[in-house]
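Notes follow once the structure below has been shown.
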Amino acid sequence: MQDQFTNAPVSRLIGFDVLPATEEDRSQGKAVVVLEADERLHNPMGRVHGGILSALADAAMGIAFGRTLDDGQDFSTIDLHIHFMRPVRCSRLTASASLVQRGLRIGFVTCTITDERARIIAQASCSCTSVS
C-alpha cells in the first residue's frame, strides 16, 4: 500500500526509494528509505556528501512522523541533528526511522543509516511539529 510519501519530488530528485508502509508503520511512526549511493552523490573527497546523508535521514524521519498524522494535518521539521560515523563511497544505504515520542503537536524521531554490510554510517534525530 502506497502513501503520500512514496513519490515525493525530492525522492525522485535524489533517488530515494521509500519502502511501503505497513499498518504498524503508520500506527507506530516508522519508515525505511533506501538510496543507491554512487559517484554522482560524492563530495570533492570522493565520499557521499554529508548533505545527502542529512537529506536521507530527514526524509526517513519526516515520513515516520508524517505517517502518524490525521487526515488534513501537515508537518514541518523543527530541528535536525546528525552524527557521521564513517565515510561511504558507493553502497546501498538504508535509513530506518522511528518515532520515539509524540505529544499533541511535537514529535521526536530517530534514524540510523546503515550501508549494505549493516555498518552504521550515521545516526540522526529530529523534532517535528504538526499543523492543521
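With 10 angstrom as the radius, rank Val10, Val32 by how many other C-beta atoms surround their C-beta, starting from the fewest.
Arranged by neighbour count, lowest to highest, Val10, Val32 become Val10, Val32.
Take Ile52, Ile63, Ile14 and order them by how many other Cβ atoms sit within 10 Å, fewest up front.
Ile14, Ile52, Ile63
Taking every DSSP beta bridge that has both residues in the chain, what percent is antiparallel when rounded to the nearest 5?
Just about 100 percent of them are antiparallel.
Suppose the chain between Glu36 and Gln101 were pulled fully straight at 0.36 nm per residue; how much longer would it get relative to their current alpha carbon spacing?
20.4 nm
Pairs of alpha-carbon atoms within less than 8 angstrom and 6+ residues apart define the contacts here; what relative contact order does the chain have, in percent?
The normalised contact order for the chain reaches 25 percent.
Show me the trypsin sites (Lys or Arg not before Pro) within region 98-129 that DSSP assigns to loop and that have at most 10 other Cβ atoms within 10 Å of their Cβ.
Loop-located and lightly packed - Arg117.
Mind sorting Met61, Met85, Met45 by how few other Cβ atoms lie within 10 Å of their own Cβ, fewest first?
Ascending number of Cβ neighbours within 10 Å: Met45, Met85, Met61.
Using a cut-off of 11 Å between beta-carbons, work out the net charge of the residues near Ser130 (Lys and Arg +1, Asp and Glu -1, Ser130 not included).
The answer is 0.
Using 7 Å Cα-to-Cβ label points, what is the Ser132/Met85 separation (nm, one decimal)?
My value for the distance between the label points is 4.0 nm.
Using a simple spin-label model with points 7 Å from Cα along the Cα→Cβ vector, what separation in nm is obtained for Ser76 and Asp17?
Inter-label distance under the simple model: 3.3 nm.
Just to be sure I understand: with springs between alpha-carbon atoms less than 10 Å apart, which residue in Gly72, Gly51, Gly15 has the highest mean-square fluctuation in the Gaussian network model of the chain?
Gly72
Laboratory data are not the source of any read-out in this text; all were calculated from the coordinates shown. Because the structure is a prediction, the values reported are computed rather than measured. FYI the Cβ positions are ideal-geometry reconstructions off the backbone, even for glycines, and counts take in every protein chain you see.
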